[in-house]
Amino acid sequence: MHILVTERLALREFTPLDAPFLLRLVNEPGWIRNINDPGVRSVDDALTWAEGRLFKAYRELGHGFWAVQRREDGALLGMCGLFKRAALPEPDLGYALLAEHEGRGYALEAARACVAHAKAVLGWPTLMAITAVDNPPSVALLLKLGFVEQGQEQLEGYSGPSRVFRLAL
């Protein structure tokens, strides 16, 4: 079932069948450099990670990080969605694509749809986002969406400081 549909993309909940894709995504050099290394090294690890990080949020919150698929061929490109991290006071927007799909506007398109969903469907007044300190493409995407940088913070679960952004919806 699609949660969001854009001109080129469809966002849906991940399923256990997506574990091989998730294994690949969370081991991308960009993921490890800009997000973290979750220690996922097998399909079984990916399923365990997805249960705790994705499926649980779907059940408990009704939203989370969704699979981003290209509509024309159904190819999985990455993830994008809305999540409530314990380390942040408000829900946040997150996204990650396989490196081979970066630079084509997919992340911006998916993120725009998620921001609209947060406002129109979920009725949230504020949305946050975080990036690694040195991640210019992610910062540029957030600024295009209208996020305003709030500074840097050391957030629980991250080895270094994060740049924190806020968007009034």
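The values are calculated or read from the model by the stated rules, or taken from the named source; none is laboratory data. Remember, it's a predicted structure, so these values are computed and weren't measured experimentally. All Cβ positions, even for glycine, are placed from backbone atoms using ideal geometry, and neighbour counts span all protein chains on display. Surface accessibility is based on the protein's heavy atoms, side chains included, excluding ligands, DNA and RNA. Shrake-Rupley method; radii C 1.70, N 1.55, O 1.52, S 1.80 Å.
Restricting to region 38-54, give me the number of residues that are under 20 Å from V5 (Cα atoms) and either of a type in the set (D, E) or surrounded by fewer than 20 Cβ atoms within 10 Å (Cβ to Cβ) (or both).
Of the residues in that region, 0 qualify.
If you go through region 112-123 one residue at a time, do you hit one that is touching a helix residue (DSSP H, G or I) at 6+ places or on another chain (Cβ under 9 Å), part of a loop (DSSP other than H, G, I, E, B) and surrounded by fewer than 18 Cβ atoms within 10 Å (Cβ to Cβ)?
no
Residue under question is L93, and the condition is that it be in a strand (DSSP E or B), open to solvent by less than 20 Å² (accessible area, probe 1.4 Å), of a type outside the set (K, R) and more than 17 Å from I35 (Cβ to Cβ); does it hold?
It is false that L93 is in a strand (DSSP E or B), open to solvent by less than 20 Å² (accessible area, probe 1.4 Å), of a type outside the set (K, R) and more than 17 Å from I35 (Cβ to Cβ).
Which one is surrounded by the most Cβ atoms within 10 Å (Cβ to Cβ) among residues in region 133-146 that are under 15 Å from the mean Cα position of the chain (by Cα) and either within 15 Å of V115 (Cβ to Cβ) or at pLDDT below 95 (or both)?
L142
Restricting to region 5-16, give me the number of residues that are open to solvent by 20 Å² or more (accessible area, probe 1.4 Å) and either closer than 29 Å to D44 by Cβ or part of a strand (DSSP E or B) (or both).
5
Being assigned to a loop (DSSP other than H, G, I, E, B) and small (G, A, S) is the filter; apply it to region 99-111 and report the residue that is surrounded by the most Cβ atoms within 10 Å (Cβ to Cβ).
G105
Which one of these does L155 not meet: (1) modelled with pLDDT under 95; (2) open to solvent by 20 Å² or more (accessible area, probe 1.4 Å)?
Of everything listed in (1) modelled with pLDDT under 95; (2) open to solvent by 20 Å² or more (accessible area, probe 1.4 Å), L155 misses just condition (2).
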